[in-house]
Amino acid sequence: MTAPGCTIVFYHYVRDVEATPFPGIRALSVAGFKAQLDWLQARYDVIDGATFERAILSGSGFDRPTALLTFDDGFVDHYEHVFPLLRDRGLGGIFFLAGATLGSSPMLLNVHKTHFLLSQLGAERFTREVGAALESEGVMSGGIPGAPGGSSAREGIYRYDEAPDVRIKRVLNYEAPYPVAERILSALFERHVGECWAFARDLYLSAPQVREMVQGGMTFGFHTETHPVLSRLDSQAQRLELRQGPRLIGELTGQTTVSFCYPYGFSHTYNADTLRVLEESGYSMAFNTVRREAVIGSEPRYELPRFDTRDLAVDLETYA
Ligand SMILES: [Zn+2]
């Protein structure tokens with residue numbers, strides 16, 4: 001008989017978007033998060049990061065089905081809305097921080113500039129403006145190409161997005177050279193939303209917030225320096241993105257072990273170089289976004305699968 005699996009769930013924004021200037025951000029509402037906690041706790045032993053890590057490193061599973069909660073990108077949402085709910089229920093979770101968002105002058109990551117610009121401008125206008133900027137940079141002519149029909153290898157990458165979003169995100173994340181994407185997104189952000197640095201300061205967790213969460217039983221992991229698609233980088237560039245993580249997170253939290261989570265998380269977003277660099281940098285384990293249960297005892301520690309919070313939504317409707 002095989003041991004029960006672990007259902008690992010990942011979350012991004014947890015906020016009531018109607019109460020913010022960016023109602024288009026795809027977030028789980030606070031009530032929705034609470035309902036998910038009820039649902040998960042009714043079915044699983046929800047274990048904390050340290051307990052899960054011990055199980056993965058020792059290879060010994062649990063007698064009952066378990067669940068692990070993980071939170072990507074280090075949003076203030078996680079301090080304001082997630083942490084109090086977890087603490088009140090005596091639960092823990094793993095929170096993944098990008099190095100560039102830490103410190104006194106945090107950087108607004110391109111992935112988040114894109115989310116808020118899409119909310120502000122809508123997909124059509126955002127796509128048009130990025131296309132014009134790419135053309136003036138000489139990177140792309142004839143505007144943003146249409147989404148490929150049929151069986152693209154990357155189909156399903158953004159399974160919850162509308163087509164125009166899929167198209168523009170693919171161009172920005174996978175096709176445009178990073179320095180160009182960075183320049184274009186920063187200029188558009190400053191024109192349409194506001195100053196990147198001020199926005200970043202309000203969007204991401206601060207060091208005191210992280211420390212308070214550690215005191216409350218939360219665990220932290222690393223999520224690269226700048227949130228690139230790692231498989232686009234050579235091994236040296238990947239090393240620069242990964243190698244400081246264990247030290248940075250260790251100093252911030254006092255943890256002696258640090259886990260990792262791949263930006264975007266699909267299995268094509270990292271490669272054999274990434275796995276090597278993770279090992280040489282000393283990470284304890286790493287999470288992707290391949291949606292299935294984790295089998296403790298046989299799962300490679302650097303490729304732990306996770307479900308999107310939205311994968312739970314169908315069940316939630318019947319539960320509510
Ligand atoms: Zn991320």
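The values are calculated or read from the model by the stated rules, or taken from the named source; none is laboratory data. On a predicted model such as this, the values are computed, not experimentally measured, just so you know. Because the Cβ atoms are built from the backbone with ideal geometry, glycine has one as well, and the counts that use them run over all protein chains shown. With ligands, DNA and RNA removed, areas are computed over all heavy atoms of the protein, side chains included. Shrake-Rupley method; radii C 1.70, N 1.55, O 1.52, S 1.80 Å.
Scanning segment 291-300 for residues that are outside any strand (DSSP E or B) and more than 14 Å from Y270 (Cβ to Cβ) yields R291, R292, E293, V295, I296, G297, S298, E299.
Can you work out which of the residues in segment 40-81 that are hydroxyl-bearing (S, T, Y) and within 20 Å of the chain's Cα centre (by Cα) is farthest from P305 (Cα to Cα)? For segment 40-81, the residue satisfying everything is Y79. The set of residues in segment 95-124 that are modelled with pLDDT under 95 and charged (D, E, K, R) contains only E124.
Listed here are the helices (runs of 4 or more DSSP H) enclosed by segment 201-290 that have at least 2 residues being touching a residue at least 60 places away in the same chain (Cβ under 8 Å) and either open to solvent by 10 Å² or more (accessible area, probe 1.4 Å) or more than 24 Å from Y178 (Cβ to Cβ) (or both): 207-215, 245-253. When both residues are 6+ apart or on different chains and their Cβ atoms are under 8 Å apart, which pairs have a first residue that lies in segment 296-314 and is closer than 22 Å to F33 by Cα and at pLDDT below 90, and a second that is assigned to a loop (DSSP other than H, G, I, E, B) and open to solvent by 40 Å² or more (accessible area, probe 1.4 Å)? Short answer, once both residue conditions are applied: R310/Y160; D311/R291. The set of residues in segment 104-123 being among the hydroxyl-bearing types (S, T, Y) and within 16 Å of the ligand (Cβ to nearest atom) consists of T114 alone.
A Cβ distance below 8 Å, combined with a sequence gap of six or more or placement on separate chains, defines the contacts here; from segment 63-81, residues that are on the phi > 0 side of the Ramachandran plot and modelled with pLDDT of 95 or more reach residues that are of a type in the set (A, V, I, L, M) and assigned to a loop (DSSP other than H, G, I, E, B) in the pairs D73/A98; D73/L109; G74/A98; G74/L102; G74/L205. Residue count for segment 28-81 satisfying the condition of being of a type in the set (D, E) and crowded, with 18+ Cβ neighbours inside 10 Å: 5.
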